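Encoded as structure tokens, the structure appears first; notes follow it.
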Amino acid sequence: MSKAFTRENDAPAGDEDDDGPSLPPLPAGSKNYLTPAGYARLRAELLQLIDEERPKVVEIVSWAASNGDRSENGDYLYGKKRLREIDRRIRFLTKRLDIAEVADPSVHHGSDQVFFGATVTYANARGEERTITIKGIDEVEHLAGEVSWVSPIARALLKAREGDEVQLMTPGGLETLEVLRVAYPRPP
């Protein structure tokens with residue numbers, strides 16, 4: 001049999017991970033740290049899916065099914081597919097929120113040491129400055145300068161203080177970074 005017709009893994013059909021590749025898996029034995037705002041955003045998404053989006057799609061699928069022939073019924077076929085996507089996302093969010101550990105970064109306000117939730121400005125050996133915020137895996141927005149606490153840069157910076165130099169292994173070799181500023185949000 002041609003390699004093109006074989007499965008990538010040995011799992012039988014239907015045994016794949018239903019959560020899909022939307023977010024990276026948590027490191028083994030670690031907690032799912034989230035900021036309070038990240039937890040609230042994921043919880044709001046879950047409730048919106050359960051309370052609003054899923055019932056609307058169920059209603060459309062039910063209406064489409066009552067129209068008769070389902071084999072060429074676009075509303076029915078698309079609705080069933082969308083329902084599977086919604087259910088997959090609901091399962092994923094439920095699992096991640098169940099194991100979430102909410103860590104409020106504002107408790108470190110005024111500290112010069114890097115912990116979860118810190119906004120860190122650092123400079124490399126060429127003098128290029130960059131500012132990042134260390135957040136949870138499920139809430140990171142890379143375009144906003146946020147990095148996951150399990151990323152190599154965050155791991156290198158964690159527990160460093162302003163003025164410290166840390167070593168970061170990059171594809172181009174070992175790089176030295178100097179921590180310039182550490183900031184946390186104000187407590188409410």
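For segment 34-41, state whether one or more residues are among the small types (Gly, Ala, Ser) and over 15 Å from the mean Cα position of the chain (by Cα).
no
Answer with yes or no whether Val102 is under 16 Å from Asn32 (Cα atoms) and open to solvent by 60 Å² or more (accessible area, probe 1.4 Å).
Considered against the rule, which asks whether it is under 16 Å from Asn32 (Cα atoms) and open to solvent by 60 Å² or more (accessible area, probe 1.4 Å), Val102 comes out as yes.
Does segment 138-167 hold any residues that are open to solvent by 20 Å² or more (accessible area, probe 1.4 Å) and either over 30 Å from Asp98 (Cα atoms) or charged (D, E, K, R) (or both), and which are they?
Correct list: Glu141, Glu146, Arg155, Lys159, Arg161, Glu162, Gly163, Asp164, Glu165, Gln167.
Anything in segment 56-71 that is among the small types (Gly, Ala, Ser) and not in a helix (DSSP H, G or I)? List them, or say none. It would help to see each step written out before you state the result.
From segment 56-71, those among the small types (Gly, Ala, Ser) are 62, 64-66, 68, 71; that's our starting set.
Selection gives Ser66, Gly68, Ser71.
Would you mention how many residues in segment 72-98 are open to solvent by less than 80 Å² (accessible area, probe 1.4 Å) and among the hydroxyl-bearing types (Ser, Thr, Tyr)?
Qualifying residue count, segment 72-98: 2.
Inspect segment 50-58 for any residue being of a type in the set (Asp, Glu) and out of contact with any helix residue (DSSP H, G or I) (no Cβ under 8 Å at 6 or more places or on another chain) and give the result as yes or no.
Within segment 50-58, one or more residues are of a type in the set (Asp, Glu) and out of contact with any helix residue (DSSP H, G or I) (no Cβ under 8 Å at 6 or more places or on another chain).
Scan segment 29-48 and report the pairs whose first residue is within 13 Å of Asp98 (Cα to Cα) and open to solvent by less than 20 Å² (accessible area, probe 1.4 Å) and whose second residue is small (Gly, Ala, Ser) and modelled with pLDDT under 95, with Cβ atoms within less than 7 Å and a gap of 6+ or a chain change.
Here the result reads Asn32/Ala100; Asn32/Gly136; Leu34/Ala100; Leu34/Gly136, each pair linking segment 29-48 to a residue that is small (Gly, Ala, Ser) and modelled with pLDDT under 95.
Only residues that are within 30 Å of Ala44 (Cα to Cα) and surrounded by fewer than 19 Cβ atoms within 10 Å (Cβ to Cβ): list them for segment 117-131, please.
If the condition is that a residue be within 30 Å of Ala44 (Cα to Cα) and surrounded by fewer than 19 Cβ atoms within 10 Å (Cβ to Cβ), then Thr119, Thr131 are the ones that fit.
Which numbered condition trips up His109, out of (1) modelled with pLDDT under 95; (2) in contact with a strand residue (DSSP E or B) (Cβ under 8 Å, 6 or more places away or on another chain)?
Among (1) modelled with pLDDT under 95; (2) in contact with a strand residue (DSSP E or B) (Cβ under 8 Å, 6 or more places away or on another chain), His109 violates only (2).
Give me the pairs: first residue in segment 119-140 and on the phi < 0 side of the Ramachandran plot and free of Cβ contacts under 8 Å to residues at least 24 places away in the same chain, second residue open to solvent by 30 Å² or more (accessible area, probe 1.4 Å) and assigned to a strand (DSSP E or B), beta-carbon distance under 6 Å, and six or more apart or on different chains, which are they?
That search, which allows pairs on different chains as well, returns Thr133/Thr119.
Looking at segment 27-34, is at least one residue among the polar types (S, T, N, Q), at pLDDT below 95 and not in a loop (DSSP other than H, G, I, E, B)?
Yes, segment 27-34 contains a residue that is among the polar types (S, T, N, Q), at pLDDT below 95 and not in a loop (DSSP other than H, G, I, E, B).
The values are calculated or read from the model by the stated rules, or taken from the named source; none is laboratory data. It should be emphasised that the depicted structure is a prediction, and the values quoted were computed from it without experimental measurement. So basically every Cβ, Gly included, is an ideal-geometry build from the backbone, and we count neighbours across all protein chains shown. These area figures cover heavy atoms from the full protein model, side chains too; ligands, DNA and RNA do not enter into them. Shrake-Rupley method; radii C 1.70, N 1.55, O 1.52, S 1.80 Å.
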